[in-house]
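Engineer: My questions will all concern the structure given below.
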Amino acid sequence: MAAAKHLPVAGVFGTVDLTAGRRETPVSPGFRNSRKVLEMIRFASLGSGSQGNALVVDAGETKVLVDCGFSTRMATARLARLGTCAEDLAAILVTHEHGDHVAGVFSLAGRYRIPVYLTHGTHAAAARGRSGLPECRLIDGHAPFAVGCLEVQPFPVPHDAREPVQYAFSDGAHRLGVLTDSGSITPHIVDVLGLCDALVLECNHDQGLLAASRYPTHLKRRIAGRFGHLENGQAAALLQQVDTRRLQHLVAAHLSQENNRPRLAAAALATALGCDEDWIGVADQDGGFDWRQLI
Ligand SMILES: [Zn+2]
Ligand SMILES: [Zn+2]
């Protein structure tokens, strides 16, 4: 079902196509309840951590990539590992300009002619000094927009970047929330991530391991600060605030290889949810994680 024109594209600005100078026209909401055919969402990671991040969201007719911190060669190899390819991507959605998220975005997008969606601040920071940029569409960090049959809801996060956002996705029946690179939790984040069927949630570090690490003091302060990264305990506290009644999948992501351990992240999230640790997925820097399907 090619439904972009029917999905709610709320917000003041809609999205702006910088290449063509085109501003997409918002359409009236209300389509969600009228949809007769419901797509299935599945998602997978190409890799997650400070060395590079990329997540694929597949809603059947529409596949999008969230960030690409990998070279084109590595990204295409990892897409192939998941049985998909760059040619199938309808968009690359960028969260912020840090290299582990954006390093490979423009080369992949240029090579395969994939539109890049990003906030004005992220565009200003990430595109500075670059020429020959692929098609970039500016988004309002508070306004949902449509990509094919996916509704994409960006939401601002406190992180030390120009205008960082994270994303929630819906096909009208299921909802996936993604949150990494956030130094603290805001009421808006709690609100957006409520009633998700799946969550990918940053567990960057363990407080004790970070404090004892060889990192210089200024870096420890930055990571642990309000605009740094979520530690296991903060991620667990977030879970206790959001409505998790519909949760089918929970994956801990963006783990520091130095300052965290998969079992510590899983234990923290499992305690918060009151579930078995084995139920919690943990994203890996090299392996990411395999497809998870929302039903
Ligand atoms: Zn990051
Ligand atoms: Zn970052």
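Engineer: Can you report the number of residues in the range 225-257 which are away from ligand 2 (no atom under 16 Å from the Cβ) and assigned to a loop (DSSP other than H, G, I, E, B)?
Structural biologist: Of all residues in the range 225-257, those away from ligand 2 (no atom under 16 Å from the Cβ) come to 232-233, 236-252.
Pick out the ones that are also assigned to a loop (DSSP other than H, G, I, E, B) and you get 242-248.
Count: 7.
Engineer: Right, another one. Pick out the one residue from Ala173, Ala161, Ala143 that is small (Gly, Ala, Ser), away from ligand 2 (no atom under 16 Å from the Cβ), assigned to a loop (DSSP other than H, G, I, E, B) and modelled with pLDDT of 95 or more. Spell out how you get there, then give the answer.
Structural biologist: Details: Ala173 fails: modelled with pLDDT of 95 or more; Ala161 fails: away from ligand 2 (no atom under 16 Å from the Cβ).
Going through Ala173, Ala161, Ala143 in turn, just one is small (Gly, Ala, Ser), away from ligand 2 (no atom under 16 Å from the Cβ), assigned to a loop (DSSP other than H, G, I, E, B) and modelled with pLDDT of 95 or more: Ala143.
Engineer: Those residues that are among the hydrophobic types (A, V, I, L, M, F, W, C) and either in a helix (DSSP H, G or I) or touching a Ser or Thr at 6+ places or on another chain (Cβ under 6 Å) (or both), I need them from the range 201-224; list them, please.
Structural biologist: If the condition is that a residue be among the hydrophobic types (A, V, I, L, M, F, W, C) and either in a helix (DSSP H, G or I) or touching a Ser or Thr at 6+ places or on another chain (Cβ under 6 Å) (or both), then Leu209, Leu210, Ala211, Ala212, Leu219, Ile223, Ala224 are the ones that fit.
Engineer: Additional query: Taking the range 87-128 on its own, how many of its residues are more than 24 Å from Gln153 (Cβ to Cβ), within 16 Å of ligand 1 (Cβ to nearest atom) and either under 14 Å from the mean Cα position of the chain (by Cα) or surrounded by fewer than 16 Cβ atoms within 10 Å (Cβ to Cβ) (or both)?
Structural biologist: Count: 1.
Engineer: Just checking, does the range 129-139 include any residue being at pLDDT 95 or above, closer than 28 Å to Arg292 by Cα and more than 16 Å from ligand 1 (Cβ to nearest atom)?
Structural biologist: Taking every residue of the range 129-139 in turn, at least one turns out to be at pLDDT 95 or above, closer than 28 Å to Arg292 by Cα and more than 16 Å from ligand 1 (Cβ to nearest atom).
Engineer: Here's another thing I want to ask about it. If I filter the range 52-80 down to residues being over 13 Å from Ala283 (Cα atoms) and within 16 Å of ligand 2 (Cβ to nearest atom), which single residue comes out as surrounded by the most Cβ atoms within 10 Å (Cβ to Cβ)?
Structural biologist: Cys68
Engineer: Give the number of residues within the range 87-122 that are more than 16 Å from ligand 2 (Cβ to nearest atom) and touching a strand residue (DSSP E or B) at 6+ places or on another chain (Cβ under 8 Å). Please lay out each step first, then the result.
Structural biologist: We begin by selecting, within the range 87-122, every residue more than 16 Å from ligand 2 (Cβ to nearest atom); these are 87-92, 106-117, 120.
Subsequent filtering for residues that are touching a strand residue (DSSP E or B) at 6+ places or on another chain (Cβ under 8 Å) retains 88-92, 106, 108-109, 112, 114-117, 120.
The qualifying residues number 14.
Engineer: Follow-up. Does Pro187 fit the bill of being surrounded by fewer than 18 Cβ atoms within 10 Å (Cβ to Cβ), under 23 Å from Gln241 (Cβ atoms), within 16 Å of ligand 1 (Cβ to nearest atom) and of a type outside the set (Asp, Glu)? Give the steps one after another, and end with the answer.
Structural biologist: On the way: surrounded by fewer than 18 Cβ atoms within 10 Å (Cβ to Cβ): yes; under 23 Å from Gln241 (Cβ atoms): yes; within 16 Å of ligand 1 (Cβ to nearest atom): no; of a type outside the set (Asp, Glu): yes.
Taking the combined requirement at face value, the residue does not satisfy it.
Engineer: List pairs: first residue in the range 245-258 and in contact (Cβ under 8 Å) with a residue 24 or more places away in the chain and within 20 Å of Ser213 (Cα to Cα), second residue in a loop (DSSP other than H, G, I, E, B) and charged (D, E, K, R) anywhere in the structure, Cβ distance under 9 angstrom, at least six positions apart or on different chains.
Structural biologist: His254/Asp181; Leu255/Arg261; Ser256/Asp206; Glu258/Arg214
Engineer: Go through (1) within 26 Å of Thr84 (Cα to Cα); (2) touching a Pro at 6+ places or on another chain (Cβ under 7 Å) one by one and return the number of the condition Ser184 breaks.
Structural biologist: (1)
Engineer: Taking Thr84 as the residue in question, decide whether it is crowded, with 24+ Cβ neighbours inside 10 Å and in a loop (DSSP other than H, G, I, E, B).
Structural biologist: No, not satisfied.
Engineer: Identify the single condition in (1) surrounded by fewer than 22 Cβ atoms within 10 Å (Cβ to Cβ); (2) more than 16 Å from ligand 1 (Cβ to nearest atom) that Glu258 does not satisfy, given that it satisfies every other one.
Structural biologist: Failing condition for Glu258: (2).
The values are calculated or read from the model by the stated rules, or taken from the named source; none is laboratory data. As the structure is a computational prediction, the values presented were derived from the model and not from experiment. Note: ideal-geometry Cβ built from the backbone for every residue, glycine included; neighbour counts use all protein chains shown.
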